[in-house]
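**Q** To start, I am sharing the structure in question, which I have written as structure tokens.
The values are calculated or read from the model by the stated rules, or taken from the named source; none is laboratory data. As the structure is a prediction and not an experimental result, all values here were calculated from the model. We place every Cβ from the backbone using ideal geometry, glycine too, and count neighbours over all the protein chains shown. Surface areas here come from the heavy atoms of the whole protein model, side chains and all, with no ligands, DNA or RNA. Shrake-Rupley method; radii C 1.70, N 1.55, O 1.52, S 1.80 Å.
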Amino acid sequence: REQVEDVAAFLKGRYKPVVERLEREMGEAAAEVQFERAAELRDSIKDILGLMEQQNALQTASVDQDVIAAAQDGLDAMAQVLFIRGGRMLEAQSFALPREGSEPITEVLDGFVSQFYEDRLPAREVIVQAITDPETMAEWLRGKRKGAVTLTLPQRGDKKKLVDNALQNARDALQKRNAREQGVERTLGASRELAAALSLSGVPSRIEGFDISNTQGSQSVASMVVFVDGQPARKEYRHFNIKTVEGPNDFASLNEALTRRFKRALLPEKPWPLPDLILVDGGPQQLAYALMARNSLGLSVPMFSLAERLEEIYVPDSDEPIILDRHSPA
């Protein structure tokens, strides 16, 4: 019972009575020549004081604060709320925000803060990573609390450190969630959705993407990235230094790079595996030059291009691009 009460007190930030009891027990153990037990108690005291130093580093004042931040990964987002009461962090909660990974962070937090405080009272100070209209949001929070609420968007100092801490927690929570859920929706499910959008006969396992870059119009390089079952296969990424093209000609450079890549697949010894799908950066013209490279070697790998402005997908034999829902896993 005493240990349970110590745990409850510690989690509420009242650690001094716990340390005092442990110090007393450590002295008794040493007096009874129980040096191993005394060493264990000494280490426990050291651990507790170390944890409380971390708490004190986050402490800004003996006030009540809610600290809110959100992390994004391009598809989903994760919001994190730190509850600080009496200047000590008592609790942290994570909230998954599906399909919010590519929205402006101000809009994500506008919606989250409004929803989060719909049925609960805000602290006297709400510290947020970003908000579109702070004055309007602060007025709304005061109405929910029926009292004074300060809305803070810190750019530096201790409160900014609090936001950074919440943001890191959100990133960690999002990473752990993705690790749990990456199997179906985020990888194979996305590949199936992409296959349907492109009218492919099968779900692509190996997808290769090609892009051309150059330095001030010279030294053109093609990069190849590889995804296998929806996950990046970084060990198979490659660069092709463009050898036969003069000047900044992305079309011809793309044709050369893909021709060389396809020839690697036709080698009698140690051939590169052919991909199930190829993505090239650009629009219909880039796709046309990529198709010429494929057709010249008698291959039939499905190919498409992705234009960056609106992320339009261009496929062979069609003038109309495909535009996916920006929230879709594909």
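**Q** Using θ = phi - 60° and the Karplus relation 6.51 cos²θ - 1.76 cosθ + 1.60, list the HN-Hα couplings for the range 222-238 in order, rounded to whole Hz, with x at every Gly or Pro.
**A** Along the range 222-238, the couplings run 9, 10, 10, 10, 10, 10, 10, 6, x, 10, x, 9, 5, 5, 9, 5, 9 Hz.
**Q** A further question on this structure: Can you give the accessible area of LEU254 in Å² (nearest 10), computed on protein heavy atoms with a 1.4 Å probe?
**A** 10 Å²
**Q** If R0 is 56 Å, what FRET efficiency do you get for LYS263 and SER114 from their C-beta distance, rounded to 0.05? Don't skip to the end; give the middle numbers.
**A** On the way: r = 57 Å, r/R0 = 1.02.
Efficiency at R0 = 56 Å is approximately 0.50.
**Q** To continue, here is another question. Of all accessible surface on the chain at a 1.4 Å probe, what whole percent is carbon and sulfur? Could the numbers behind the result be given before it?
**A** Details: 9320 of 18900 Å².
Ligands and nucleic acids excluded, carbon and sulfur give 49 percent.
**Q** Run the paramagnetic zone check for ARG99: 7 angstrom along Cα to Cβ, then residues of the range 312-330 with backbone nitrogen under 11 Å.
**A** Zone members listed by number: 325-329.
**Q** Sticking to Cα atoms, compute the Rg of the range 175-330 to one decimal and its Dmax as the biggest Cα-Cα distance, whole number, in Å.
**A** When restricted to the Cα atoms of the range 175-330, Rg and Dmax are 15.9, 48 Å.
**Q** Note the direction-averaged projected area, equal to a quarter of the hull surface, for the Cα convex hull of the chain, in nm².
**A** Numbers: hull surface 106.6 nm².
If I average the Cα hull's projected area over directions, I get 26.7 nm².
**Q** Using a 1.4 angstrom probe, figure out how much accessible area the range 210-330 has per residue, in square angstrom, rounded to the nearest whole.
**A** Each residue of the range 210-330 exposes 60 Å² on average to a 1.4 Å probe.
**Q** Return a whole-number percent for the relative contact order of the chain, with Cα pairs under 8 Å and 6 or more residues apart as the contact set. Working shown, then result.
**A** Working: 536 pairs, mean separation 37.2, N = 330.
Over the chain, the number comes to 11 percent.
**Q** Which percent of the Cα-Cα distances in the range 126-238 go past 20 Å? Write down the numbers at each step before the final one.
**A** Details: 4308 of 6328 pairs.
I get 68 percent for the Cα pairs in the range 126-238 exceeding 20 Å.
**Q** To continue, here is another question. Among ASN255, SER318, LEU97, whose Cα lies farthest out toward the positive end of the dipole of the chain, if unit charges sit on the beta carbon of Lys, Arg (+1) and Asp, Glu (-1)?
**A** ASN255
**Q** Can I ask one more? To the nearest 500 deg cm²/dmol, what mean residue ellipticity at 222 nm is calculated for the chain from DSSP H runs of n ≥ 4 alone, each contributing -39,500 (n - 2.57), summed and divided by the residues?
**A** Estimated from H runs of four or more residues: -13500 deg cm²/dmol.
**Q** Compute the relative contact order of the range 93-249 as a whole-number percentage, counting only Cα pairs closer than 8 Å that sit 6 or more residues apart in sequence. It would help to have the intermediate numbers written out before the result.
**A** Working: 156 pairs, mean separation 20.8, N = 157.
Reported as a whole number, the value is 13 percent.
**Q** Related question: Are there GluC sites (Glu not before Pro) in the range 291-330 that DSSP puts in a loop and that have at most 12 other Cβ atoms within 10 Å, and which ones?
**A** On the way: sites: GLU308, GLU311, GLU312; in loops: GLU308, GLU311.
The qualifying sites are GLU308, GLU311.
**Q** What is the set of long-range amide H partners of GLU312 at a cut-off below 5 Å, with H atoms built 1.01 Å from backbone N?
**A** Under 5 Å from the amide H of GLU312: ALA307.
**Q** Can you give me the Rg/Rh ratio for the range 239-330, using Cα atoms for both radii and the Kirkwood formula for Rh?
**A** Numbers: Rg = 14.2 Å, Rh = 14.2 Å.
Result for the range 239-330 is an Rg/Rh of 1.00.
**Q** Same structure, new question: Please report, to two decimal places, log10 I(q)/I(0) for the range 80-169 at q = 0.11 Å⁻¹ as given by the Debye formula with identical point scatterers on the Cα atoms and no solvent.
**A** -0.30
**Q** If you place +1 on the Cβ of every Lys and Arg, -1 on the Cβ of every Asp and Glu, and leave all else neutral, what size is the dipole of the chain about its Cα centre, to the nearest 20 Debye? Provide the component values of the computation, followed by the final result.
**A** Values: 41 positive and 51 negative charges, 104 e Å.
Dipole magnitude for the chain comes out near 500 debye.
**Q** Given points 7 Å out from each Cα along the Cα-Cβ axis, report the GLU308 to GLU139 separation in nanometres with one decimal.
**A** Here the modelled spin labels are 4.1 nm apart.
**Q** Something else now. So in the range 173-330, what percent of DSSP beta bridges are antiparallel if you round to the nearest 5? If you can, show how the numbers build up before the last one.
**A** Details: 19 of 27 bridges.
Close to 70 percent.
**Q** Also, I was wondering about something else. Running a GNM on the chain with Cα contacts under 10 Å, which residue among LYS160, LYS12, LYS270 ends up with the highest mean-square fluctuation?
**A** So, out of LYS160, LYS12, LYS270, the one fluctuating most is LYS270.
**Q** Say we join alpha carbon atoms closer than 10 Å with springs in a Gaussian network model of the chain; which of GLN175, GLN231, GLN34 then has the biggest fluctuation?
**A** Fluctuation is largest for GLN34.
**Q** Largest first, what is the accessible-area ranking of ASP76, ASP47 with a 1.4 Å probe? Numbers along the way, then the final one.
**A** Numbers: ASP76 5, ASP47 100 Å².
Correct descending sequence by accessible area is ASP47, ASP76.
**Q** Can I ask one more? Give the whole-number value, in cubic angstrom per residue, of the convex hull volume spanned by the C-alpha atoms of the range 59-209.
**A** Values: hull volume 20.5 nm³, N = 151.
Spread over its residues, the Cα hull of the range 59-209 gives 135 Å³ apiece.
**Q** Please give the solvent-accessible surface of ARG124 in Å², to the nearest 10, using a probe radius of 1.4 Å with every protein chain present.
**A** 140 Å²
**Q** Continuing with the same structure: Quickly work out the LYS235-to-LEU49 label distance, labels modelled 7 Å from Cα along the C-beta direction, and quote it in nm with one decimal.
**A** Placing both labels 7 Å beyond Cα along the Cβ direction yields 4.7 nm.
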